[in-house]
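What follows is one structure encoded as structure tokens, with my remarks underneath.
Rule-based calculations on the coordinates, nothing more; no lab input. All values reported here derive from a predicted model rather than from experimental measurement. Virtual Cβ from ideal backbone geometry, glycine too; neighbours counted across all protein chains shown.
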Amino acid sequence: MEFTYVFSYFVRPQGKFDPEDYALYVQPVASFNSVEQFWNTYCFLKRPADINEKVDFHMFKEGIKPVWEDDANRKGGKWILRLKKGFSSRIWENLILAMIGEQFLVGEEICGAVCSIRNQEDIVSLWNRTADNLATTNRIRDTLRRVLNLPPNAILEYKRHDDCLKHGPKQLSPYKCGLAEKIK
């Protein structure tokens, strides 16, 4: 494997929570730098579809935190795929296998991936370093469609991290590609 990766997770703490403190609650699970180490860890992790509470799963390159403010993420963005409940386990597994298998062919551009389990839907996102490089972001999008075997009408949204840093996640108008329909 070219990179060492780290599995981690985030569970929102009880009571009042400031999103600026997100990084304080990210819990590392394990790191790996070989296929054998990946499977030795992954086979013991709960699958996203088996989780009933709100939680974020992360798989990022070692040294990169799963937060917008990290130097590797600050000028980048993320491709987002919103899923009906029940599809996240397959999509998540295919995404992280594509990452460790270097399927994206964009060098060090990929930072990591997040699978967010929510009440009504699950959200899978792939984070990259450079939002301004349209050719690279489009190559990542096209590879996502292929490795996840997405139907042509699946919506992928791209959000820049610097917009999130300026305005917060709720005030964005994301760039969308595809038709207005979720994966069924």
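At-a-glance table
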| item | result |
| --- | --- |
| The chain: most fluctuating residue of Ile64, Ile51, Ile80 per GNM, C-alpha cutoff 10 Å | Ile51 |
| Contact order relative to length of region 5-177, as percent, for alpha carbon pairs under 8 angstrom and 6 or more apart | 24 |
| Kirkwood Rh and Cα Rg combined as Rg over Rh, evaluated for region 5-177 | 0.93 |
| Charge sum, other residues only, whose C-beta stays under 14 Å from Asn33's C-beta, Lys/Arg counted +1 and Asp/Glu -1 | -3 |
| Phi-based couplings in Hz for region 146-159 (Karplus 6.51, -1.76, 1.60; Gly and Pro marked x) | 6, 6, 8, 6, 7, x, x, 8, 5, 8, 10, 9, 10, 10 |
| Choice from Pro19, Pro48, Pro28 with maximal GNM fluctuation in the chain (Cα, 10 Å cutoff) | Pro19 |
